Amino acid sequence: GIESASDVAKLTRMVEACRSARSHAINDRSSRSHCLVRIHRKRRTPNGIQTAQLLLADLAGSERMVKSGMTEGFGKAEATGINASLTVLGRVVEALSKNQAHKPYRDSTLTMLLRDSLEGQAAMSVVVCVSAESQHADETVSSLRYGSRLATVHNAPTVVALKDAAQEAAKNAHAFAAVRAELADMEQRGFAGHFAAGGVPSERKSLLDNFAKLEAAQREVQRLKCRLLETKGRKEDSSHLQEALAAKTFEMHNFEGIVMRQKSIRGLWIEEKPSFAAKKAELRELEAMHELSK
């Protein structure tokens, strides 16, 4: 839980350490992922329990891959994923502004996570970050138009009534168990990432080994980022950590490229379905609510 300002600072460092960033032709530290931080607040009273949440969403900007130079490998895959999720968000916003019956939330993990904020009982504010430089005029205009579309979404903030603590805990536990079972069923039906039938055993082993190496490198990069941020916060010399982080980041990007190339081998790997990724995000959200209601 979060009980002090230092807890908030620690959480901020953890989030920053987990965030993916990459240098390209127009930005030396481009965000390669969206960042969503959800803070749950629970207040117990003699009459019941009241919950609330604050969602902070820092969305990566869409980019023209020809202009950024991200036209191949892992960087291209990141840009494609960012642009696709923002496109779905745009379709959801359009559906909300026109009061359409169907909103395509399930077409993207991002929109699944933003659903409560977009059409629930929330108060929503949007900040659009743009550049004043003339060479980025097209991107600035595009961002402002996107912000104008988001401004057409109108919510009706309401105060949530007190709930019975035991009933709320039981409800969250039931929902968590149901989604976990649904996710297991989807995995059995092949919705998760998996090897294709008939793949070469040596290629399978090599990909599994590189999956493990990539995950280890990612964990080490996160650890070094946390240490670097803490060291800078204490105003101590951080040059050795910066060097170590640069070397480990290079190693991580190298493994990303290797894994990307191996997964593209015909007949070796089948990527997870978007619906499976969205369901995993839903499970993580319910898990947090389940823990909060205990």
Only one residue in VAL141, VAL93 is over 30 Å from THR158 (Cβ atoms) and either more than 17 Å from the chain's Cα centre (by Cα) or not aliphatic (A, V, I, L, M) (or both), so which one is that? VAL141
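Are any of the residues in segment 176-190 open to solvent by less than 40 Å² (accessible area, probe 1.4 Å) and under 30 Å from ARG64 (Cα atoms)? Give the derivation first.
First, pick out the residues of segment 176-190 that are open to solvent by less than 40 Å² (accessible area, probe 1.4 Å): 176, 179, 183, 186, 190.
Filter again for under 30 Å from ARG64 (Cα atoms), leaving none.
Within segment 176-190 (the criterion being open to solvent by less than 40 Å² (accessible area, probe 1.4 Å) and under 30 Å from ARG64 (Cα atoms)), the answer is no, since none of the residues qualifies.
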Within segment 83-105, which residues are touching a Lys or Arg at 6+ places or on another chain (Cβ under 9 Å) and charged (D, E, K, R)? ARG91, GLU94, LYS103
Are there any pairs, at least 6 apart or on different chains, whose C-beta atoms fall under 9 Å, with the first in segment 204-222 and under 22 Å from ARG19 (Cβ atoms) and the second among the acidic types (Asp, Glu) and at pLDDT 95 or above, and if so, which? LYS213/GLU251; ALA217/GLU251; GLU220/GLU251; VAL221/GLU251
Restricting attention to segment 118-137, which residues are open to solvent by 90 Å² or more (accessible area, probe 1.4 Å) and under 16 Å from LEU86 (Cβ atoms)? VAL127, CYS129
Restricting attention to segment 117-163, the residues that are in contact with a Ser or Thr (Cβ under 8 Å, 6 or more places away or on another chain) and basic (Lys, Arg) number exactly 2
Would you check if there is a residue in segment 149-166 being part of a helix (DSSP H, G or I), more than 30 Å from ILE258 (Cβ to Cβ) and acidic (Asp, Glu)? no
Of ARG115, ARG91, ARG41, the only residue that is open to solvent by 40 Å² or more (accessible area, probe 1.4 Å), of a type outside the set (Ser, Thr, Tyr), part of a helix (DSSP H, G or I) and over 20 Å from ARG145 (Cβ atoms) is ARG115
Taking into account only those residues within segment 98-112 that are within 16 Å of LEU86 (Cα to Cα) and not basic (Lys, Arg), which is surrounded by the fewest Cβ atoms within 10 Å (Cβ to Cβ)? PRO104
Scan segment 60-80 and tell me whether some residue there is without any contact (Cβ under 8 Å) to a residue 24 or more places away in the chain, open to solvent by 70 Å² or more (accessible area, probe 1.4 Å) and either among the small types (Gly, Ala, Ser) or assigned to a helix (DSSP H, G or I) (or both). yes
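The values are calculated or read from the model by the stated rules, or taken from the named source; none is laboratory data. Computed from a predicted structure; not experimentally measured. Please note: Cβ atoms are built from the backbone with ideal geometry, for glycine as well, and neighbour counts cover all protein chains shown. Areas reflect the complete protein model, heavy atoms only, side chains present, ligands, DNA and RNA absent. Shrake-Rupley method; radii C 1.70, N 1.55, O 1.52, S 1.80 Å.
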